[in-house]
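Everything below concerns the one structure shown next.
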Amino acid sequence: MRARYGVPLGIAAAGAAGLLYAAGFEARSFRLRRVTVPVLPPGMRPLRVLQVSDIHMVGGQHKKQRWLRSLAGLRPDFVINTGDNLSDPEGVPEVLDSLGPLMEFPGAYVFGSNDYYGPTLRNPARYLLERAQGRHGLNGNAPAVGVVHNPWEDLRDGFDAAGWLNLTNTRGTLKIEGVSLELTGLDDPHIKRDRYAQVAGGPAESADFSMGVVHAPYLRTLDAFTADAYPLILAGHTHGGQLCVPFYGALVTNCDLDTDRVKGLSTHTVEDRTSYLHVSAGCGTSRYTPVRFACPPEATLLTLVGRE
């Protein structure tokens, strides 16, 4: 019996243990990552920006809610929310409550597809197939039909009431201790809602510093921001690959960004111009795939310092 059933039972046990770890521990093992980015004009004081992304709130996620509230203790200069706050149409009150302490600070936001539409049950293998076929989101796929519409307007109204800037295909300016910070944002490219023509033209001369903000880091948006000479671009969406291979990394990005830049700080170059790119691995998962492996949930505190 041992010879016949021992190996299959061992594989099954290892798989069950891995699933228990991915869902029961790592998906709730929230981390803060700290990054220094040399992008400010020489002589400007450092700026500390907290990026939160891909919360994917589902009712009852109390540990995640407590952790998000605790981030206010970092006392950032400003907060950037790069979208996908929801994974439950009833989750808006819990998102606003969790982010309430952070909304005491200046901030701005863009939305992702999961803010507009409820998640659907998908075979995770489809992400690998779509990557191999070069199909991502609605880019080459059929439009979504029969999807659940989330109450994103309530989320927008809550953020706006707190004074956060809505960067949906528009520009906004934050004043931080005399520093004029210009933010240029796009709606989600994953569902073809980005309209770069509405914000094109590059940083305003009147701003002390400018940066781009988008949910999904599709190459067309990174190319546009970089060609327009934005020194820094913030994005989310990828979940860092979510299910990664130890000592190898991510298998997919759920967009056309390469897996080498699936999370963290990197650069993006278009001809003779280069921008810093920071992609957050996010702190949540879809309600239908509540697992992470070799890719813990995170928020990032970026310290922007002067260029050398």
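The values are calculated or read from the model by the stated rules, or taken from the named source; none is laboratory data. Values in this document were obtained by computation on a predicted structure and should not be read as measured data. Don't worry about glycine lacking a Cβ; one is built from the backbone with ideal geometry, like all the others, and counts go over all protein chains shown. Calculation scope for accessible area: heavy atoms of the full protein, side chains included, ligands and nucleic acids excluded. Shrake-Rupley method; radii C 1.70, N 1.55, O 1.52, S 1.80 Å.
Data for the structure
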| quantity | calculated |
| --- | --- |
| Span-rule helices in the chain, defined as complete DSSP H runs reaching 15 Å or more along the axis (Cα) with Kyte mean at least -0.5 | 2-24 |
| Mean Cβ count within 10 Å, highest first, over the residues of peptides 173-179, 301-307, 229-235, 108-114 | 108-114, 229-235, 301-307, 173-179 |
| Stretch gain in nm, segment Arg69-Ser29, where the contour uses 0.36 nm per residue and the Cα spacing is subtracted | 12.9 nm |
| Computed label-point distance, nm, for sites Ala132 and Asp97 using a 7 Å Cα→Cβ extension | 4.5 |
| Distant-in-sequence amide H partners of Ile176 (H built 1.01 Å from N, under 5 Å) | Leu181 |
| Rounded accessible area per residue of segment 195-308, 1.4 Å, Å² | 40 |
| Sequence ranges 282-291, 55-64, ranked by mean other-Cβ count within 10 angstrom, highest first | 282-291, 55-64 |
| Helix-only mean residue ellipticity at 222 nm for the chain, each DSSP H run of n ≥ 4 adding -39500 (n - 2.57), per residue, nearest 500 | -7000 deg cm²/dmol |
| Rg over Rh [alpha-carbon atoms, Kirkwood Rh] for segment 16-111 | 1.04 |
| Antiparallel DSSP beta bridges within the chain, as percent of all bridges there, nearest 5 | 40 |
| Taking the C-alpha atoms of the chain, convex hull volume expressed per residue in Å³ | 152 |
| Alpha carbon convex hull of segment 81-232, volume per residue in cubic angstrom | 124 |
| Cα-projected label distance for His149 with Tyr248, points at 7 Å along beta-carbon direction, nm | 4.2 |
| Sequence-distant aspartates and glutamates (8 or more away, or on other chains) whose Cα lies within less than 15 Å of Lys63 | Glu26, Glu94, Asp97, Glu298 |
| Per residue, the convex hull volume that the Cα atoms of segment 191-308 enclose (Å³) | 134 |
| Members of Lys64/Lys263; Lys64/Lys192; Lys175/Lys263 lying beyond 25 Å, as alpha-carbon distances in this model show | Lys64/Lys192; Lys175/Lys263 |
